[in-house]
1. Quick one: plug the Kirkwood hydrodynamic radius of segment B:136-203 (C-alpha pairs) into Stokes-Einstein at 25 °C, 0.890 mPa s, and report D in µm²/s.
2. May I ask you to list the lysines whose Cα is less than 23 Å away from that of A:Lys119, ignoring any residue fewer than eight positions away on the same chain?
3. With no solvent and one point on each alpha carbon, what is the Debye value of log10 I(q)/I(0) for chain B at q = 0.11 Å⁻¹?
4. Hey, got the average number of other protein chain Cβ atoms within 10 angstrom for residues in B:184-194?
5. What is the ratio of the Cα radius of gyration of segment A:9-59 to 2.2 N^0.38 Å, where N is its residue count, to two decimals?
6. Does chain A come out rounded, prolate or oblate, given a ≥ b ≥ c as the square roots of the eigenvalues of its C-alpha gyration tensor, rounded meaning a/c under 1.5 and, failing that, prolate meaning a/b above b/c?
7. Kindly provide the helix-only [θ] at 222 nm of chain A, computed as the sum of -39,500 (n - 2.57) over DSSP H runs of four or more divided by all residues, to the nearest 500 deg cm²/dmol?
8. Let me have the 222 nm mean residue ellipticity of chain B computed from DSSP H runs of 4+ only, each contributing -39500 (n - 2.57), with the sum over all residues rounded to the nearest 500.
Amino acid sequence: MLITKNIKMADVIHMNYFTLSVLNRFGIELGFGDKTVAEVCKIENVDVDFFLEIVNAFVDKDYFPKKQLQTFSVKLITDYLRKTHYDYHQIKVPEIESLIEEMVKACYSEKENLVLLKKFFNDYKQELLNHTNREETVVFPYTIAIEDAFNSKTLDNSVFDLMETYSIAIFQNEHENIEEKLFDLKNIIIKYLPQPKNSENCHKLLYALFSLEQDIIDHSRIEDKVLVPKIREMEKVITKRFGEKK
Amino acid sequence: MSKSTFIICEKSYLIRKGLISIIEKIPDTRIVQQFDSEDEIKNLGNFESDFIIINTNLLNTKTQKILQKISNTSAGGMGFTQIISLSQKSEFKEINWVEYINIDDSQNIILTKLKTLIGNRKTDNPKSEAPDEISKREIDILKNIALGLSNREIADKLFISAHTVVTHRKNITRKLGIKTVPGLTIYAILHKIINIDDTEQIKS
C-alpha cells in the first residue's frame, strides 16, 4: 500500500513496524496522536515529499525506480544516508553485539560455536565500518562537489581534476554487496547452529539481524538506484560543458 | 529451488489482480509480466516464463502463431513454456493448451489446477529438484574453500578445471544458502569438515 500525505503517521507504523527506524532517522518522535504524515512532518520540520519517497521505498521494495526521488538534492539524500550509517553503528550493531555476548555468557557447552559466531560478526562489523567510512569520506563529498559544479554557472577546473581521479562508476564497481554476510549469518543460525538451551536470545538476535539486513538493503537501493544515476547524469553534463569550453 | 514463473494476459484489471493473488498463495512462484491489450501480445516472445495464462479474447490469427511458437521453445533451458487458457471455450485449437481456467472456478479449483501443473513440470525436469544435500565432492571443495584456497589452487590440488570449481561453488551456495567464504568456513567448522585450528594456522 502506498503511503500518502493524508495517512495517519500512527498507521504507517502499524503497517510495517520496521519503519520506526526511518522515523527515527528523520528525528520524528512518537506520541503524534492522530496527526497525518503531512502534519507530523510540518511540526518536525521534515520535507514531507522526501519523507514519503524514503518511507515508501523502504516499505515496498518494488517502489523503485521512481523519478521523484531524483528531484531531491544530493545533499538531502546523502544526509539521510549518513543518518542510516549512524544508526547502524550506534544502535543496530551494538544491539546485535550485546545479544551475541549474552548468548556466549549463558552458554556452557559448545561455547566455541558461539565464539565463532562472535568473531564472524566482529569481522563483519569492521567491514561495515570500512564501507560506511569510505562512503562518508570519499563518495559523499564527491557527489556533493559534483552537484555544486552542476549547479554553478562557472566552470571550475578543480572539479574536472576531481573527476579525473574519481567517478561514480568507480563507486559502482567497488560497491560490494555488504548485506551478503548478514544473509549468511542468518542462515547459519536458522539452519546449522546447534541451538543453545536458551533459544530466546537466539530469536532476538535473528530479529535484530533481519532488521539490520532490511535497512542495509534499503540503503544500498537508494545509493544504486537514486544517487548513482543522478550523479552519472550530472557528470555527463559537466564533461560536456568542459568539452564545449575547449 | 527455482521459482515457477508466470505471464498473465487478460484485459480485465480485476481478473488479473484476482489471478495474481491466487498464484501468490502458491510458494515459489513469480509473476514475470502482465499484458492487457492485443497489441502487447506481440511482445510475448521477448519474455521467458514457465507458464503463460492467456484469455483467448486477446488473440487473433497473427498472435496465435507467436503463441504457438513460444509453446515450442524452451524457457531458459528449463523445458517448454506451457500455455493455459483463461476462457471457457476452447478456441484456437492449434495451440497446445495444457489447462483451462474458467471465470467461475473457485479458488480451490484454480489452486489445484495450477499446483498440479507446477508439480508435473518439476517431475519432468529432474534438474530442478536436485537434492539439497551436498555431495562428497562438494564437501572436498568446501573444505578447501574454508581453508582459504583460491579457485585456481583448488583446481590444481584436485586435478579439475577452475571452471568446474566455480560450478561446484555455485551449487554449494545454492544448497546451503551461504554465499561468503567466512560463512562457508563457519559451516565447515560446525560440521567438523575442518578444525578451528586449521583456519588459524592459515591466517597467522
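All of the numbers you see were taken from the coordinates with simple rules; none came from a lab. None of the values given here were measured: they were computed from a predicted structure. We place every Cβ from the backbone using ideal geometry, glycine too, and count neighbours over all the protein chains shown.
1. Values: Rh = 11.9 Å.
In µm²/s, the coefficient is 207.
2. A:Lys92, A:Lys105, A:Lys111, A:Lys181, A:Lys186, A:Lys191, A:Lys197, A:Lys204, B:Lys143, B:Lys179, B:Lys192, B:Lys203
3. So the normalised log intensities work out to -0.66.
4. Working: counts 2, 2, 10, 6, 0, 3, 9, 1, 0, 0, 0.
Mean partner shielding for this stretch: 3.
5. Details: Rg = 9.6 Å, N = 51, 2.2 N^0.38 = 9.8 Å.
Output field value: 0.98.
6. Numbers: a/c = 2.80, a/b = 1.47, b/c = 1.91.
Because a/c hits 1.5 or more and a/b fails to exceed b/c, chain A counts as oblate.
7. Values: 13 runs with 164 residues, N = 246.
Counting only the DSSP helices, I get -21000 deg cm²/dmol.
8. Details: 9 runs with 95 residues, N = 204.
Taken over chain B, the calculation gives -14000 deg cm²/dmol.
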